[in-house]
Each structure stands twice: as structure tokens, then as C-alpha cells.
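The structure appears right after this line, and notes come after that.
The values are calculated or read from the model by the stated rules, or taken from the named source; none is laboratory data. Computed from a predicted structure; not experimentally measured. Please note: Cβ atoms are built from the backbone with ideal geometry, for glycine as well, and neighbour counts cover all protein chains shown. When the accessible area is computed, the model is the full protein with side chains, heavy atoms only, and any ligands, DNA or RNA have been set aside. Shrake-Rupley method; radii C 1.70, N 1.55, O 1.52, S 1.80 Å.
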Amino acid sequence: MNEAFKQQVWEVTKLVPKGRVTSYGAIAKAVGYPNHSRHVGKAMGGCPKDVPAHRVISSSGTLSVPEFQPRLEAEGIVVENFRIKNFKKLFWDPIKEL
């Protein structure tokens, strides 16, 4: 995975509004690499502190990183059993919203 890809992933992730979530797959599509959600996940590992990685979750609405739950809850997102409540309502689609 090259640096340009990581940079694109991080730039799109920085645009996810507080109190909203998106998926690895949605980010992958937004940067022109549909079906590369795993690469997005890898790019999020070790991302800069100003990238809100906690707002990127699996497309099923489940937290991939349980440690992110407190950060999401601090933004008003309700998490039950590691799943985002009202996931569809809170979902931010970069392709539609950018």
C-alpha cells in the first residue's frame, strides 16, 4: 500500500463529521478503490492523531476496534454490544456528501 493511498484515506476520514460514522468500504470507494476496504483498515492503523479513525467502522455497523467506543460515545453515538445504534441514520457516505 503506497503513501498516496494512505494520504487519500486520511484526508477523506478527516471530513467525517462529529457524531457520524462511515465504513471502510465507503472510504475505499471514495478514493477510487472499491473492494479495498481491508486496505483502508490497514491505512487507519497508525494514522496521524488528527484523523478520526474511531468514526470508521465495518459496513455492518459493528466496531472493528472496541477501544473506540468511549470516543464515539463522547460524540453522542450510542453503542450497544459493539454495534452502532441507528447506524443507517448516522452513516456518512462520502460519495453522496462530498
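Worth a mention:
- Total residues in the range 59-86, condition of a type in the set (A, V, I, L, M, F, W, C), closer than 15 Å to residue 22 by Cα and part of a helix (DSSP H, G or I): 2
- In the range 33-50, the qualifying residues are those that are open to solvent by 60 Å² or more (accessible area, probe 1.4 Å) and in a loop (DSSP other than H, G, I, E, B), and the one that is farthest from residue 90 (Cα to Cα) is 46.
- Of the residues 23, 64, the single one that is modelled with pLDDT under 95 and under 23 Å from residue 2 (Cα atoms) is 64.
- From the list 30, 53, 4, the lone residue that is on the phi < 0 side of the Ramachandran plot, among the aliphatic types (A, V, I, L, M) and surrounded by fewer than 18 Cβ atoms within 10 Å (Cβ to Cβ) is 4.
- Test for residue 90: is it among the hydrophobic types (A, V, I, L, M, F, W, C) and out of contact with any helix residue (DSSP H, G or I) (no Cβ under 8 Å at 6 or more places or on another chain): yes
- Among the residues of the range 70-82, some residue qualifies, meaning at least one is open to solvent by 60 Å² or more (accessible area, probe 1.4 Å), touching a Ser or Thr at 6+ places or on another chain (Cβ under 7 Å) and not small (Gly, Ala, Ser).
- In the range 7-25, of all residues being in contact (Cβ under 8 Å) with a residue 12 or more places away in the chain and open to solvent by 40 Å² or more (accessible area, probe 1.4 Å), the one that is nearest to residue 83 (Cα to Cα) corresponds to 20.
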